[in-house]
1. Show which lysines lie in cross-link reach of K309 when reach means a straight Cα distance below 21 angstrom and same-chain residues fewer than eight apart are skipped.
2. Magnitude of the Cβ-charge dipole of the range 244-331, K/R +1 and D/E -1, about the Cα centre, nearest 20 debye?
3. Using only Cα atoms, tell me the angle between helix 242-251 and the longest principal axis of the chain; keep it within 0 to 90° and round to the nearest 10.
4. Once the Cα atoms of helix 344-361 and of the chain are each reduced to a long axis, what angle between those two axes, in degrees from 0 to 90 to the nearest 10, is obtained?
5. Go ahead and estimate [θ] at 222 nm for the chain from helices alone: -39,500 (n - 2.57) per DSSP H run with n ≥ 4, summed, over the residue count, rounded to 500.
6. If you find the alpha carbon centre of the range 320-360 and of the range 43-118, how far apart are they in angstrom?
7. For the chain, with a Gaussian network of springs between Cα atoms less than 10 Å apart, report the residue from G266, G86, G21 with the top mean-square fluctuation.
8. Show me the ranking of peptides 360-370, 237-247 by mean Cβ neighbours inside 10 Å, starting with the highest.
Amino acid sequence: MGTAPIVKIALSGYYGFDNSGDEAVLQSILFALQEQGQAQGIQIEPIVLSANPEKTSQMYGVKAYHRMKPGSLLKALRESDGLISGGGSLLQDATSSKTIPYYLAVVKIAQWLGKPTFIYSQGIGPVSRPMFFGWIRSVFKRCALVTVRDTESADLLGRMRLPREGITVVPDPVMGLPLRDGGGAPDADALGGASAVRTIGVSVRFWNEDRSELEALARSLQELLAARTDVRLRFLPFHLPSDEVASQFVIDRLGDHGGRAEMVRGITHPQDMLAQVAACDLLIGMRLHSLIYAASQFVPMVGISYDPKIDQFLHRLGMKAAASTASFDASAFAEEALGLLDGREQWAAASRAAIEQLKAQAQLPAQRIISFYKRK
């Protein structure tokens, strides 16, 4: 047998910023490309555009170039046989008006260089500036593949007059992220474990300027801890260092129960954070990928919505956010959390089929990208 053909693919996303969720997206795409490449007899050599190329290269064993240095970015695209843009919420103007132009420019440059381009499980929106509609449409129309992570993103692209038949809805790539050493989720009958102490993971971020949602969460957690003496809280900061500060803000407001809370510090590798979530009996999360981690490991989750992407993900599992940054009933939240904690086995059994389907579908974009090069 001859050696497998090598395909070099550049990856553009929010990589190298110590955000566990986005690092998980990168890790998941790398795994999916490797797995599908092996299945179809093609060797993938990734080239990652990163804010910290040295760290990215060391963490994943890939070639990496600086995402904001024009010379490095051009070098990466020229070396590549194609570009993947995604996943994550790259094309939105809620955080900055510069985000959409940057990510579209990277794709456009690759297209000018004659490279095939692929949109990989992106969450599109919110896009409040209509001028971006035409830009997104013109770039996406020239892509070899457009996949988005929810129907709401597909509908928004439809409003931008992008043909709906050219858009495929797939799960977030992180649904397919495995535990280290091929470990899987615990079996349904092993859920709950033998430990007398139950662990609730908590992933929070700052959002409201008055911190009202975190104040309400602290009140809810106080109620929860008062109701269950066998529960401990484990705060899991996803975006460093800001989420560590947000976590401490909540811990400081737990009063007499503060001694039953701990914070896991300094985790940047996505599989290390995935293992932390897998060890929990329940996950309370604001960060989207904390909820996705939990679902992938059959850990019941209680979502706090600050962005439509939270609601969109929970909707795929037939769930709703228990609170939002705009409306937070502390007692109702605690009641829902306790219900899921006590009914963990039933939740996992009822959700298993939907979760397994999402995991399988998460491989689809990588499968199609490898098939594209197989045909060439």
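1. K98, K320, K359
2. 220 debye
3. 10 degrees
4. With both axes taken from Cα atoms, the answer is about 0 degrees.
5. Working: 14 runs with 168 residues, N = 376.
The helix-only estimate for the chain comes to -14000 deg cm²/dmol at 222 nm.
6. So the separation of the two Cα centres works out to 35 Å.
7. Of the options given, G266 has the highest mean-square fluctuation.
8. On the way: 360-370: 21.7, 237-247: 19.7.
My ranking of the peptides, most packed first, is 360-370, 237-247.
Where a number appears in this text, it was derived from the coordinates with a stated rule and is not lab data. This is a predicted model, so every value here is computed, not measured. Glycine gets a Cβ as well: all are built from the backbone with ideal geometry, and neighbour counts include every protein chain shown.
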